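> Quick one: the structure is below, and I'll ask about it shortly.
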Amino acid sequence: MKKEKLFANSSYKKLFISSTAASFGDLFDMFAVMTLFTYVWHANSLWITLIPVAYALPSILLSQAAGNLADRYDKVQLMFLSELVRLLFTCLLFFTNEPLLALGVLMLRSMSSVMKVPAQLSYVREVVKEDQLMQASTLQNIMFQVAKVVGPFLGAAALTITTPKACILVNAAACMISIGVLFSLKKAGKNIQGQAARSSHQAKETYSNGWKIVFQHSLLLRVVILFHLSYFVVMLVDAQISIFLRDVLPHHPEMLGWLLSGIGLGALATGVYLNRKKQVHHPFRLLSFGLLLFGGALFFISCFNPAVMSRYFILIAAPIGGAGVGLNLLLFNYIVQTYSDKEHLGKVYGFINTLTSAVLLTAPLLGGMLVKLAGAQTTFLAAAIIIVSVGFVSMLMPLRDKQERNVQIDA
């Protein structure tokens, strides 16, 4: 029999449309916010530094609670309400004219968005067949990578004929599209609202059981550690790559754009390749290989010497490093969705989102400190050695995939 295609699944198709609209709107909006703070309000460096804090802090504080709610309530309803509140604060941001008020609105809007991530990822697991999970994960990432390129580009083009606040209205329109699609989406098949009536003395336990599930499952724990280590290094060097290029190629500012494009191309190619796979037999090994690719590319970049190498040699490492980052991101989501118990997936993602947001908040700050103390090349070289060493060790670690697959854990 011919297998059903992923987009024949109307629930997933609608979720994909909603997610894609939201991703484009968010990146368009982020570009507009940075432009408002920098060029319209002429905010100082402190206000600019607080923008990523406003985006990340609510996720650190609330992701585990959001994951718990995603497991207990109807996921489509949660996504719908999240988008509705996000639309409200986006419209409020349009009428805000002070940096301090704008930061407050951004933080409140981020709080409303925290709920959507675990609900969306858990819903994918519910409506998508297991042999299509890899395709579903990679499609989401491919569209996100495309949005990362197209969103800011369209934002920059729009600013030539309009204002940053008009770009915020584009995000509001994207919210409305997402809300309309979610409204048409049927409720998740398994409604467990009745479980909401739990006693208050259990609140602390249910809040913390996301990390308990991960720590009781050795494969999940290893994957979470490896992914966040690589993500920490990615964010550390990503924030300082312009400083590194300024040091080694001071007269070629165009290299930053080429390097970032090469990294994005490598990640996109990895997504397209994995999207053709119905199943990955050794995802942990492949994730470890991604660490080696990323670490090796970073090592080559850190050893780049413009005196003996053409500046274009540095671009060779970009798609290789991007492929390594793509493998880590895509296989991490695939492993979490495949090896986690479906009933507790929201809690697991809640814990993961807390860690990811903490990395997003701390890694750029630490990167700036290290580059100031040791220099960009030394910092990049040390990071590369750590990543390659961890990737090599993880490749040699014994696995027990069959025994640990979908382990039922007391949460």
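> Which distance in nm do the two modelled labels at residue 385 and residue 47 give, with both placed 7 Å along the Cα-to-Cβ direction?
Simple spin-label model gives 4.3 nm for this pair.
> With labels modelled as points extended 7 Å from the Cα through the Cβ direction, what inter-label distance (nm, one decimal) is found for residue 5 paired with residue 341?
The two pseudo-label positions are separated by 3.8 nm.
> Can you list which of the trypsin sites (Lys or Arg not before Pro) found in segment 1-54 are DSSP loop residues with at most 14 other C-beta atoms within 10 Å? All intermediate terms of the calculation are to be shown ahead of the outcome.
On the way: sites: 2, 3, 5, 13, 14; in loops: 2, 3, 5.
Listed in order of number, the matching sites are 2, 3, 5.
> Could you pull out which residues in segment 10-31 have an amide N less than 19 Å from a spot 7 Å beyond the Cα of residue 129, following the Cα-Cβ vector?
The answer is 10-16, whose backbone nitrogens lie closer than 19 Å to the label point.
> Also, quick follow-up: Please report, in whole Å³, the volume per residue of the convex hull around the C-alpha atoms of segment 67-121.
Working: hull volume 3.2 nm³, N = 55.
Normalising the Cα hull of segment 67-121 by residue number yields 59 Å³.
> Starting from the residue with the highest accessible area, list 309, 115, 79 in decreasing order, probe 1.4 Å. Don't jump to the answer; show the numbers that get you there.
Values: 309 60, 115 40, 79 0 Å².
Order by accessible area, largest first: 309, 115, 79.
> I've got another one for you. So between residue 281 and residue 218, what do we pick up on full extension, going 0.36 nm a residue minus the alpha carbon distance? Walk me through the numbers on the way to the answer.
Working: separation 63, 0.36 × 63 = 22.68 nm, distance 1.81 nm.
Result: 20.9 nm gained on full extension.
> Using helices alone, what [θ] at 222 nm do you get for the chain, with -39,500 (n - 2.57) per DSSP H run of 4 or more residues, divided over all residues and rounded to the nearest 500?
Numbers: 16 runs with 316 residues, N = 411.
Taking each H run of at least 4 residues, the total per residue is -26500 deg cm²/dmol.
> For segment 284-378, rounded, prolate or oblate, judged on the Cα gyration tensor with a ≥ b ≥ c (square roots of eigenvalues), a/c < 1.5 rounded, else prolate if a/b > b/c? Walk me through the intermediate numbers first.
Values: a/c = 4.08, a/b = 1.71, b/c = 2.38.
It comes out oblate by the Cα gyration axes.
> Next up: For the chain, take N as its residue count and report Rg(C-alpha) divided by 2.2 N^0.38 Å.
Values: Rg = 21.4 Å, N = 411, 2.2 N^0.38 = 21.7 Å.
Against the empirical 2.2 N^0.38 Å value, I get 0.99 for the chain.
> With an 8 Å Cα cut-off and a minimum separation of 6 or more residues, compute the relative contact order for segment 11-188 in percent.
Dividing the mean separation by the residue count of segment 11-188 yields 48 percent.
> Right, next: Return, for the Cα atoms of segment 217-408, the radius of gyration and Dmax in Å, separated by a comma.
When restricted to Cα atoms, segment 217-408 yields Rg and Dmax of 17.4, 58 Å.
> Sticking with this one: Given a 10 angstrom Cα cut-off, can you work out which residue in 171, 68, 97 is the most mobile in a GNM of the chain?
Highest fluctuation among the options: 97.
> Find the relative contact order for the chain and round it to a whole percent, using C-alpha pairs within less than 8 Å whose residues are 6+ positions apart.
Taking the mean separation of contacting Cα pairs over the length of the chain, I get 27 percent.
> With no solvent and one point on each alpha carbon, what is the Debye value of log10 I(q)/I(0) for segment 11-188 at q = 0.13, 0.14 Å⁻¹?
Evaluating at q = 0.13, 0.14 Å⁻¹ gives log10 I(q)/I(0) of -0.66, -0.76.
> If the elastic network links every pair of Cα atoms under 10 Å, which of 55, 73, 123 fluctuates the most in the Gaussian network model of the chain?
73
> Calculate the tail of P(r) for segment 31-102: the fraction of all Cα-Cα distances greater than 21 Å, expressed in %.
Details: 1030 of 2556 pairs.
Summing the P(r) tail past 21 Å for segment 31-102 gives 40 percent.
The values are calculated or read from the model by the stated rules, or taken from the named source; none is laboratory data. Everything quoted here is computed from the prediction, not taken from an experiment. Every residue, glycine among them, receives a Cβ derived from its backbone with ideal geometry; neighbour counts consider all protein chains shown. Areas reflect the complete protein model, heavy atoms only, side chains present, ligands, DNA and RNA absent. Shrake-Rupley method; radii C 1.70, N 1.55, O 1.52, S 1.80 Å.
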